[in-house]
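Read the figures in this text as sums done on the coordinates, not as results from a lab. This one's a predicted model, so the numbers in the text were calculated from it and none came from an experiment. Glycine gets a Cβ as well: all are built from the backbone with ideal geometry, and neighbour counts include every protein chain shown.
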Amino acid sequence: MKNRSALSLAMVCALAFGLFGANGTPYRVALPGYRYEFPRDHFNHPDFQTEWWYYTGNLHTAQGRQFGFELTFFRQGVDRDTQPAAASDAHPANVWDVKDVWMAHLALSDIDGGRFFHTERLNRAAGGIAGAELERGSVWNGNWQASWQLDRHASGGGASQRLEAVADQFSLDLALRSAKPPVIHGKDGVSQKAEGAGRASHYISLTRLVTKGVITLDGTKFDVDGLSWMDHEFFTHQLEPAQSGWDWMSLQFDDGSEIMLFRLRRKDGAVDPYSAGTYIDAQGRASSLAVSDFSLAPGKTWISPASGGRYPIEWTIRVFPLDLELSLSTRLPQQELTGQTRAAPPYWEGAIECSGVRKGRPVKAVGYLEMTGYAGAAPLAE
């Protein structure tokens, strides 16, 4: 449950087409019964309007210095017509015709250094500048990419990947190996976000990516390892008018299990009944969690000097079927992403840590927290 595609004016404008492309052809919506197939479904789904690939991770050096990172790729459809008109002398084919807008976001949290860096880019797919292709085994935007070592005979189609991205002050070069098969969130192949058919997404995660590589910051290289998480969603429906934002978190526990939770907030202050989550045990077996199965109680807030947003950076989490209670916090409050274009409201996304008790035994976790709608309307809200 995420939405990171509204950080630029072009992406916001793309949403004006609603459920249709420029030529009036409808996009598909996420419906129950979708037949997932890997590695195909790790890549592009152009018949859905919105799609993203989202990587986050908590990494550390041998000396214990801690970093968080995120590398995201977004596709926003603006023209559903997948068959361009035949070229003629009067109307030659235009390789720069825009069918989709591609955005990417890169961020680094220097936890021990107390610094947060982020940047973004926007491109068209024309000329191979950006895209996501099974044949190429890659999702990319310029020289930022997630490249897959595909094994079509392995569970989930193979999930060894390499992330590469370069910014002015830092860069990432990371190797990721999935310790578990893909997780399909929700029920019957859809993660429902509101009442009604198609008001949902197809939502896939790789919840435990064993990660090793190099982070370069201000010219200094750091050998790092740790855990990463990948989300991939594709859909067409956006937020309902009564929904104001959400709080989403991914948690990776020291016992080999994981949890994803999201709380949809309504404008009247209530928790939306379509809030949900997933628990993944150490063997990779996933169980869906309904809104009645957990509670997320916000605590201490951080006020952004850039946007004025008031973000709860401490949470108490209870998951009742697991007899689990956690305290969530962050060592780096200023992990707000404002977007260089300033065309859409900011949101908070950053590295977090948790400690607590499960069935009377202490547990710890690392993860990522996303909060939208605290500094203006949530992205993609109608």
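Some notes on this structure:
- Each Lys and Arg contributes +1 and each Asp and Glu -1, all at the Cβ; summed about the Cα centre of region 278-370, the dipole is approximately 160 debye.
- For region 359-373, the Karplus equation 6.51 cos²θ - 1.76 cosθ + 1.60, evaluated at θ = phi - 60°, returns couplings of 6, x, 10, x, 9, 9, 8, 10, x, 9, 10, 10, 9, 10, x Hz by residue, with Gly and Pro reported as x.
- Counting only aspartates and glutamates at least 8 places from K221 when in the same chain, those with an alpha carbon closer than 15 Å to its own are D110, E164, D168, D173.
- Straight-line cross-link reach from K300 at under 30 Å between alpha-carbon atoms covers these lysines, not counting any fewer than eight positions away in the same chain: K2, K193, K267, K359, K364.
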